[in-house]
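First comes the structure, then the notes that go with it.
The values are calculated or read from the model by the stated rules, or taken from the named source; none is laboratory data. No experiment lies behind these values; they were computed from the predicted model shown. Ideal geometry is used to build each Cβ from the backbone, glycine not excepted, and the neighbour counts take in all protein chains shown. Side chains are part of the model used for accessible areas, which takes the heavy atoms of the whole protein and leaves out ligands, DNA and RNA. Shrake-Rupley method; radii C 1.70, N 1.55, O 1.52, S 1.80 Å.
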Amino acid sequence: MHTRNDATFVHTKLHNRVGHFILLRSWPLLSSLHLKMESAQMGFVLDAGTIAERVTMKWRFEDILTFVRVMESGSITAAAERMNSSKSVLSRRISNLESALGVELFQRSTRHVKPTDNGDAFYERMIPLIHEINQTVEGLSTTGERSLRGQLRITAPMSFGAMYLGPVIAEFAQRHSGLELAIDYEDKLVDLVQGGYDIGIRIGHLRDSSLRARKLCDCPRVVVCSPSYVDAHGEPQSVAELANHQGIDYAYVHANRLWQFEPEGKGGSPVNVSMRSRIVINNGGAMREMAIAGLGIASLPIFLAADGLREGTLVQILRNYRLTPYTISAVYPPTHHVSTKVRTFINFLVQFFTAPLPWEDDEAGQQALRRLRSIRRPDG
């Protein structure tokens, strides 16, 4: 058993997702070695001449969390508002952390803070660690059907999120008043681990095999245009004729996948079409609006096209040909322990995205909400 002096001894463990322990003691010789080793592993270098002066400084987990919030918010002012604290308190925490580490994490001006290379490296290493710590603590403190605590960070495609996730998240939030929710609607694919997200909604073909996934539903795709486009340019009668028309493409999916049709016969290969894309957009809802305006032909998931088809602002063409369907999935980072908040929210999503799916007709959406409200509410 070690004999310790509370004034000179700090013993801190952080456990990351691969089971590595960071151990820091403030004994002079051992601290010097640990600071040097850990800083090298994190991608920044301490000045060897200042290590002896830094070992008496104790970094605090609160200072690291403050650093992360400043990185995410883009400024100390925004971070202070988000944390309900003052700029002076946050500035002091950042300064204390820099002194403890012996490196500069931000370049400061009168209006902005810009992360240094050391700051970027430190942030990238810390995000997975903090994520794992939060999951572990919340997994131990939340059991059974009790109300959830902590924070749940979700990322989802913008149009899908705005159209269909809002009611789900609102109902979930009402059931778990102690849970903080941070939702980012972003069409561009984001790194869940580096971004510190608990759950992501993915539409299409899953490319990152390291993520765990739970299928929510299948999502057929349809080829659509406006009635005015058909009047002006005619309707293509075959997949091959699409090459003679104007396409509306999605910026985050390669054209070969966007315009990929199922084989015409058994054992055949998918059919890819080279479209002349006059317009390329990074949002599915904007693609739909361009198609409604008569600017070209679009390949859309059915949840985006359904309202326009019912209202007559869009028409489906090439009905005898099927685009390769998408899958809508909930994905989450690989971990030895799936936190209760993640598991509970995914189960909530599964209940909502059960046939009849909410975009199939007006009544289907109401049925989906009734399914959620029939789930027993948590205790406490």
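Computed quantities for the displayed model
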quantity	calculated
Along each principal axis, Cα extent of the stretch 94-251, largest first, Å	70, 46, 32
Kirkwood hydrodynamic radius of the stretch 174-302, from inverse mean 1/r over distinct Cα pairs, in Å	17.1 Å
Cα-Cα over 29 Å, subset of LYS215/LYS266; LYS58/LYS188; LYS188/LYS266	LYS58/LYS188; LYS188/LYS266
Percent of Cα-Cα distances greater than 11 Å, calculated over the stretch 269-314	69 percent
Whole-Hz couplings from phi, Karplus 6.51/-1.76/1.60, listed for the stretch 266-282; x for Gly and Pro	4, x, x, 9, x, 9, 9, 10, 8, 9, 8, 8, 6, 10, 10, 10, 9
If the convex hull is drawn through the Cα atoms of the stretch 297-345, its volume per residue in Å³	128 Å³
Rounded FRET efficiency, nearest 0.05, which uses the C-beta distance separating ASN272 from ILE133 and R0 of 30 Å	0.05
Accessible area per residue, Å², the stretch 238-368 with all protein chains present, probe 1.4 Å	46 Å²
Kirkwood hydrodynamic radius of the stretch 258-380, from inverse mean 1/r over distinct Cα pairs, in Å	17.8 Å
Protein accessible area in the stretch 289-380, 1.4 Å probe - carbon and sulfur %	50 percent
